[in-house]
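Note sheet for the following structure.
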Amino acid sequence: MSAAKLGEHRRSAPKAITTSDAIRWHGIGIAILFALLGTIGSMVAFAPNSGRNGRSSLIDSSPSHPLALPHAALPCAACHTNSIRPGNEACGRCHPDVSPYYEAHAAMLAAGQWQCITCHHPHELDDGLRFAPDGTVTAYSAGVTRPVAYDGHYRPSRAVNIAIAPTSACGTCHDVNDPRDTVASCLPNGFETWGNRRPSLCFDIHRSALADDRAAAWVAAAAVLRSLTPPEPPSRPRPWLPAFWLFGGFAIALSGAGLRRVVVRTRAGRSRRALPRVDVMPATVRRLPRIDPAICIGCKACVDACPYDVLEIQHYLAKVSRPDDCCGLTLCEQRCPTGALVMADGDPIGDLPRMSPTLESLDTPGVFLAGDLTGLPLIKNAMNQGTEAARHIAASLGAGAARMPQGVPSVDVVIVGAGPAGISAALESERLGLRYALLEQGGVAESIRSFPRGKLVFDQPLEVPTVGALWMRESTKEELLGHWLRIVQERRLQVYEQTRVVRLRPQLLQGPFVVDALRNDVEPLQFVGRHVILAFGRRGTPRKLTIDVPDAMVNHVHYSLADAASFAGRRVLVIGLGDVAMETAIALAGQSNTQVTVSYRGEEFKRGKRRNIEEVKRLARTGRLALRLGTEVHRVDVESVTLSHTDGSEHTVGVDAIFVMIGNVAPWSFLKDLGIRRVSDEA
């Protein structure tokens, strides 16, 4: 192969060299000086007035009292006896035995590096929430109170105050601006402009928090705090502000005159801005909770905190009951009041494709993987992976990338799957000027479409930063889908919906790749791409019934539930007893006059979340659904299904709709044909 051909298939971008024809500077020193002065003046002019003593408060109001609600009845002499600034001994008169239970915190307190007023200054840092027995909630600050909305179920037997400390108290050991720091999970959304004065969601680090079942109050306080709209700090008169506007504009004009041109050329003639980088590699080792039974008190704080029902209480102690459902989040560790639970590394994860840190397959160069296929949870991670994969492809092609011969219908990258990873990859490819084709066997965001109506979509509890142009906020399914479809339409993305990939093969060792597809299962299409991004899910396609279905019933067989209300008053059969099947049955049984039958070939519940199992059993006891264990579908007729029992008997059920929830066919055979191996295959 010639040197020219080798250059066409290089896997890394050529080293960038700064030259005078790319960046030119003229009199920039003077311009920088004026711009710096203008910037400093603007920072002073626009610095938010953070209220008394430079402090932002949960309540935007003028104080009527120097103390917050819990201390309002105290006289000054209660704290200010021998000194103007009280120490820990003053707080200890009312709060004995409140030393921290974390060794590091206790050591700092003993060394004098901490004071009680570091986190809870009565005049400045005394925000909090008061929960009353009647269900009302009051937000308080120094001298100010206001009621806040709360629709939860927490009702204490007596008034409970939850103090909310600012994250500035954590800045000695933690970086509150680093999303990888453990303190990041304590920060609510919407308070970013407050800097290190943001309120913390990690409450009560003292041993006394074990009393009065405080764990339930923590959860309720976190829910209320997330729902609050952060007030804007009150502004103050600035008569000299117009002068700074004029000065800032003059500095900008000088900068524009001094900086003649800074141009970075791309293949599409666009500017490639330096965007943040995020960690997109999945964990190679499974992380699981490890519980010390010697200090576990069975308070259920970790059980309530886990969003995936991994933990449960057995014999008055917490236990890991569903390790396969754990995705390594640390909420349980953070909520454990005694430190009995810690996240620890377990067995290596073998069910992952072999790939490099750039998300490129180690077995088939030129193929990148993104999204659920990589084993990394959360929608935000999928979005970031799609964006990063497109960036690496653009870098490997380089400016003025070597392309395939003219006349060959081709693109720089073929993206398979129009979920969060695929859409993000397409958006970034368009921004970088890459030619692309986005193929989807269903519709755009098909996985989101399959969610039940009104389902809340969120990526909690981790505050994962996002890169790229795709929108992501805590929202309902409909709101999220609306935003994504609007972005797809406004950007006019090259999406081929209802296009199923049937074969993908490389023409050369490192591409290009030929992708054979079928649109609507009829029209053959072919794409030739320099690279490929596989952005579909690990679950693959739904597993279907192996028996014949009459033509009249084909449109009545479903593999997902989007809107349970549309099946109200109908006869429905749900096949399967996993979490998805149980959630489907529960949603259908909640509709009026709906007859729900659940068929499962096993004789008992073998898997699933505890709450789903308990709810299905309750609905079966009350007659809201019929549970047919030890049965399989023997025959499907028009408006009826015959179930065969393990003892050989048969039972006919009248149906108007059938939901087949028996799992999915994993895409590993497709990947294996492409040459992509799993980590376990290598072992």
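For region 385-392, putting each phi into the Karplus relation 6.51 cos²θ - 1.76 cosθ + 1.60 with θ = phi - 60° gives couplings of 5, x, 5, 5, 4, 5, 5, 5 Hz, in residue order, rounded to whole numbers and with x for Gly and Pro. Taken about its Cα centre, region 542-665 carries a charge dipole of roughly 540 debye when the Cβ of each Lys and Arg holds +1 and the Cβ of each Asp and Glu holds -1.
Our summary gives region 542-665 a relative contact order of 37 percent, counting only alpha carbon pairs under 8 angstrom and 6 or more residues apart. The largest-to-smallest principal axis extents of the Cα set in region 542-665 are 36, 34, 30 Å. In this structure, the amide hydrogen of L625, modeled 1.01 Å from its nitrogen in the peptide plane, lies closer than 5 angstrom to those of A620, counting only residues at least 5 positions away or on a different chain.
What the Cβ-Cβ distance of C94 and T622 gives, at R0 = 60 Å and to the nearest 0.05, is a FRET efficiency of 0.75. A convex hull fitted to the Cα coordinates of region 595-637 yields 76 cubic angstrom per residue.
If you take the Cα centroid of region 532-606 and the Cα centroid of region 296-369, the two points sit 28 Å apart.
Our compactness index for region 285-348, the C-alpha radius of gyration over the empirical 2.2 N^0.38 Å, is 0.98. Extending 7 Å from the Cα toward the beta-carbon at both Y316 and V148 defines two label points whose distance is 3.6 nm.
The protection proxy used here, the mean number of other Cβ atoms lying within 10 Å of each residue, ranks peptides 307-314, 569-576 as follows, highest first: 569-576, 307-314.
Holding the Cα-Cα limit at 25 Å, pick out from K477/K672; K606/K672; K380/K455; K300/K380 the pairs that are longer than that.
Listed pairs above 25 Å: K477/K672; K606/K672; K300/K380.
Annotation: extensible slack from S227 through I349 equals 40.2 nm (criterion: 0.36 nm per residue apart, minus Cα-Cα distance). A simple spin-label model places pseudo-atoms 7 Å from Cα toward Cβ; at R449 and A159 they are separated by 5.4 nm.
Once the Cβ-Cβ distance of E523 and D563 is raised to the sixth power relative to R0 = 22 Å, the FRET efficiency obtained is 0.15. Multiplying the residue separation of D175 and R607 by 0.36 nm and subtracting their alpha-carbon distance yields 151.5 nm. Across region 216-224, rounded Karplus estimates of 3J(HN,Hα) from the backbone phi angles (6.51 cos²θ - 1.76 cosθ + 1.60, θ = phi - 60°) give 5, 5, 4, 4, 5, 5, 5, 5, 5 Hz, Gly and Pro being marked x.
Segment Q115..K544, full-extension length gain: 148.1 nm, with 0.36 nm per residue of separation and the alpha-carbon distance subtracted. For the listed peptides 477-488, 362-373, a ranking on the average number of other beta carbons within 10 Å per residue, highest first, reads 362-373, 477-488. Computed from the Cβ-Cβ distance with R0 of 51 Å, the FRET efficiency linking V502 to E614 stands at 0.75.
Coordinate-derived values only; no laboratory data. What you see is a predicted model; the values in this text were computed from it and never measured. Please note: Cβ atoms are built from the backbone with ideal geometry, for glycine as well, and neighbour counts cover all protein chains shown.
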